[in-house]
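Asks: Below you will find the structure I want to go over with you.
The values are calculated or read from the model by the stated rules, or taken from the named source; none is laboratory data. Because the structure is a prediction, the values reported are computed rather than measured. Glycine also receives a Cβ, built like all others from the backbone with ideal geometry; neighbour counts cover every protein chain displayed.
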Amino acid sequence: MGGLLYNVFIDPFMQMGSAPDLLLQVLWEGFVSGTLYALIALGFVLIFKASGVFNFAQGIMVVFGALSLVGLIALGVPAILAIVMCIGIMAALAYSVEKLVLRPLVNQEPIILFMATIGLNFFLIGLGELVFGGEPKVMPTEQLGLPTGSWDFDVLGGLVIIQQLDVAAAAVACTLVAGLAIFFNKTRIGRALRAVADDHQAALSVGISLNQIWRIVWFSAGIVALATGIMWGARSDVSFALSIVALKALPVLILGGFTSIPGAIVGGLIIGFGEKIAEFYWGPLVGGSIESWFPYFLALIFLLFRPQGLFGEKIIDRV
Amino acid sequence: MSAAEQLAPASRELLLNIENVSLSFGGVKAIRDVSFDVRKGEIRAIIGPNGAGKTSMLNVINGFYHPQEGTITYRGESRRDMRPHIAATQGIARTFQNVALFRGMTTLDNIMTGRTLKMKTGLFWHLFRWGPAETEELEHREQVERIIDFLEIQAIRKTPVGRLPYGLQKRVELGRALAMEPELLLLDEPMAGMNLEEKEDMSRFILDVSSQFGTTIALIEHDMGVVMDLSDRVVVLDYGQKIADGTPDEVKSNQDVIDAYLGVAH
């Protein structure tokens, strides 16, 4: 018994102290995953804020964006042009979703809209397989100008290896997250978005067009999905399994709150750091690979004590 | 007194004309064959007992409801179905019976949303909040500050509106509507649930809006004393039908109106 307690509560911290270079390496890995989780979660938050819908299809949008890019480059389209075309595809997707899915279902219960996004999810899987085929593909990092080497640092008496690709991924994620946060907090369109989230009728009465806001939000979510798809696809490969990774955004959202942009950022980082540290220091105790369920475990604990998340709006129903 | 006010209200230029409008929800007839007009610069009250169809009437005017029959002519343009977004574009602003503010936002941001349609810079500049988007934001901020001064709510500029007392929320809602620089302002029970002092303040603001900005106002109100003091002309609805229309004095002495309010058996 004493041995177990030692292994759980003392030994991991002893390890952290005795090999700070390893800890640094683990923290870096956690940071990179965290920024990417934050990015995915942001896609969900945007749509949830403006329409109160949990967009089940966000994960497949990530895959769809990445697949389109790989497919276009494979056809010989120059990388820059391919990216622009992918942004166009995401805009077309946002427009069609608003026109064909959201508009006919306006004023329906959130659960019905949620079901519609599940339908959208299957539609996009089918369309993706039809157009691009089901086999995994490799993201052409060279054409996209993404670095592939690594930097080795001698610090704290050890070696920390930092993949240049990870640095690029973190940089892209941070830029997008910061840009979107400013866009949605400080501009007219951001204010309109928050207005729509608060009260549909009042928003209409000041002349905010719901349809326009929905298109902007779905387009932003599409851009976020595309960026995530490119960076994540470059780190592993591009396949439909990526959409499962995107569902890691769920614990991030539970932690951060479904309606909060800062929440998505902080939640993403907590999950990123948490899962890597747990995997490295506590994973061996139970035979490893706790990375895949640890975020959900963390989310469960959060649900117990703070169901609205760290930054979510407190749900108070007056009766 | 402005020039418009010196003319008799009924002879001023027509702004809004409601003709034979009927609205029903399934078997419930909310409005039956109602006609009345609103003239430029006047304060027009719509009164009537609970369930008379007053709020439905406002909802028809700004396009939340689409009547089954009748036409609405606004600024010379006739249509049956107004859409809220179009109504806002054409200068119709409104407040709601149960305050409909954006609760998570500050007073300032709430009023800024009223400037949505006045802001023109495109999405591109907004992505960076830079160049024209920033200049524009500042210009509109100035306008909004003027409204804040006008309504004497400087102290709560940065307070999230969810935390404000009801009377102040109503004032912020009026501010948001004023930020749209409307030609026609629809007020749904602007004084409901207020104490005497708050009612006096609100009455003063409504009169000032009318005289300083020349805004045409159509309002629904229950407090008879307030209605009779404020308005130029009054239309009375009961069970979805118009039972009287005229100056406060005419309406006050109308037997149908007295019956409706005292509850004579129909």
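Asks: Within the stretch B:87-117, track down each residue that is over 19 Å from residue A:191 (Cα atoms) and more than 9 Å from chain A (Cβ to nearest Cβ).
Replies: B:90, B:91, B:97, B:98
Asks: In addition: If you go through the stretch A:154-173, how many residues are within 23 Å of the chain's Cα centre (by Cα) and either surrounded by 15 or more Cβ atoms within 10 Å (Cβ to Cβ) or of a type in the set (A, V, I, L, M) (or both)?
Replies: 11
Asks: Ok, one more. So, residue A:81, is that one aliphatic (A, V, I, L, M), over 18 Å from the mean Cα position of the chain (by Cα) and modelled with pLDDT under 85 or not?
Replies: So residue A:81 fails the test.
Asks: Is one or more of the residues making up the stretch B:221-236 under 24 Å from residue B:109 (Cα atoms) and away from every other protein chain (no Cβ under 14 Å)?
Replies: No.
Asks: Working only within the stretch A:229-268, note down all residues that are of a type in the set (D, E, K, R) and within 13 Å of the chain's Cα centre (by Cα).
Replies: Residue satisfying the conditions is A:248 alone.
Asks: While we're on this one: Conditions first: (1) touching a helix residue (DSSP H, G or I) at 6+ places or on another chain (Cβ under 8 Å); (2) modelled with pLDDT of 90 or more. Residue B:235 passes all but one, so which condition is the exception?
Replies: (1)
Asks: While we're looking at this one, here's another question. Need a quick list: helices (runs of 4 or more DSSP H) entirely within the stretch B:201-266 having at least 3 residues that are free of Cβ contacts under 8 Å to residues at least 12 places away in the same chain.
Replies: B:255-262
Asks: Which members of the stretch B:217-248 meet the condition of being small (Gly, Ala, Ser) and within 18 Å of residue B:18 (Cα to Cα)?
Replies: B:218, B:240, B:244, B:246 - these are the residues of the stretch B:217-248 that are small (Gly, Ala, Ser) and within 18 Å of residue B:18 (Cα to Cα).
Asks: What are the residues in the stretch A:199-213 that are facing another protein chain (nearest Cβ under 7 Å), on the phi < 0 side of the Ramachandran plot and not charged (D, E, K, R), if any?
Replies: Scanning the stretch A:199-213 gives A:201, A:202, A:204, A:205, A:206, A:208, A:209.
Asks: For the stretch B:176-200, which residues satisfy the criterion of being crowded, with 18+ Cβ neighbours inside 10 Å and either part of a helix (DSSP H, G or I) or at positive phi (or both)?
Replies: B:176, B:177, B:178, B:179, B:189, B:199, listed by residue number.
Asks: Related question: Would you check which residues across the stretch A:168-198 are within 12 Å of chain B (Cβ to nearest Cβ), more than 14 Å from residue B:137 (Cβ to Cβ) and in contact with a Lys or Arg (Cβ under 8 Å, 6 or more places away or on another chain) and list them?
Replies: Within the stretch A:168-198, A:184, A:193, A:194, A:197, A:198 qualify.
Asks: Do you know which residues across the stretch A:115-155 are more than 29 Å from residue A:101 (Cβ to Cβ) and β-branched (Val, Ile, Thr)?
Replies: A:138, A:141, A:148, A:155
Asks: Separate question: Quick check on my filter: what residues within the stretch A:112-149 are polar (S, T, N, Q) and surrounded by 13 or more Cβ atoms within 10 Å (Cβ to Cβ)?
Replies: Of everything in the stretch A:112-149, those that are polar (S, T, N, Q) and surrounded by 13 or more Cβ atoms within 10 Å (Cβ to Cβ) turn out to be A:117, A:121, A:141, A:143.
Asks: Related question: Which members of the stretch B:47-70 meet the condition of being more than 16 Å from the chain's Cα centre (by Cα) and either among the small types (Gly, Ala, Ser) or in a loop (DSSP other than H, G, I, E, B) (or both)?
Replies: The answer is B:48, B:49, B:50, B:51, B:52, B:66, B:67, B:68, B:70.
Asks: With the checklist (1) modelled with pLDDT under 85; (2) in the same structural domain as residue B:254 (by TED's automatic domain parsing); (3) part of a loop (DSSP other than H, G, I, E, B); (4) in contact with a helix residue (DSSP H, G or I) (Cβ under 9 Å, 6 or more places away or on another chain) in hand, flag the one item residue B:85 doesn't pass.
Replies: (3)
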